[in-house]
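This report concerns only the one structure given below.
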Amino acid sequence: MPDLRELKAPVLLLVAGQDIYFPLDDSMLTDRKLEEAGVEHRTVVYDGAPHGFFSDGSHQEAVNDAWHHLLAFVNENSEH
């Protein structure tokens, strides 16, 4: 794993809670590793959402919320 302390910009993790390709435990490990490295980050978990929930059309509430978080994150961090 790369040295996360080298990251200069904040990180946003939008996590599909039912992702079969990148399990939730792995996402939460990434969250913990970012925390331990002192990297500014935000993690949002969408329980029940599958991998690719942005494009499958069946989780519109999660998609809407993820867009809200993404746009707010970009707005808050546009100077990095």
If I stretch the segment between GLU79 and ARG5 completely, what's the gain in nm (0.36 nm per residue apart, minus their alpha carbon distance), one decimal? 24.7 nm
I'd like to compare 64-71, 2-9: which one has the highest average count of other Cβ atoms within 10 Å, and what's the full order after that? 64-71, 2-9
Per the Kirkwood definition applied to all pairs of different Cα atoms, how many angstroms is the hydrodynamic radius of the stretch 39-80? 11.5
Return the calculated 222 nm mean residue ellipticity for the chain, to the nearest 500 deg cm²/dmol, obtained by summing -39500 (n - 2.57) across DSSP H runs with n ≥ 4 and dividing by the residue count. -12500 deg cm²/dmol
Placing +1 on the Cβ of each Lys and Arg and -1 on the Cβ of each Asp and Glu in the chain, which of LEU29, VAL11, VAL63 has its Cα farthest towards the positive end of the resulting dipole? VAL11
What order do you get for 72-78, 33-39 when each peptide is scored by the mean count of other beta carbon atoms within 10 Å, highest first? 33-39, 72-78
Using all C-alpha to C-alpha distances in the chain, build P(r) with 5 Å bins and read off the rounded percent in each one. 3, 15, 23, 21, 20, 13, 4, 0
Averaged per residue, what accessible surface does the chain expose to a 1.4 Å probe, in Å²? 70
Charge dipole magnitude, Cβ of K and R +1, D and E -1 - the chain, Cα centre, debye nearest 20: 120
May I ask you to give the percent of accessible area on the chain that is carbon plus sulfur, with a probe radius of 1.4 Å? 52
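The values are calculated or read from the model by the stated rules, or taken from the named source; none is laboratory data. These numbers come from a predicted model, not from an experiment. All Cβ positions, even for glycine, are placed from backbone atoms using ideal geometry, and neighbour counts span all protein chains on display. Just so you know, the surface numbers come from the protein's heavy atoms only, side chains and all, with ligands and any DNA or RNA stripped out. Shrake-Rupley method; radii C 1.70, N 1.55, O 1.52, S 1.80 Å.
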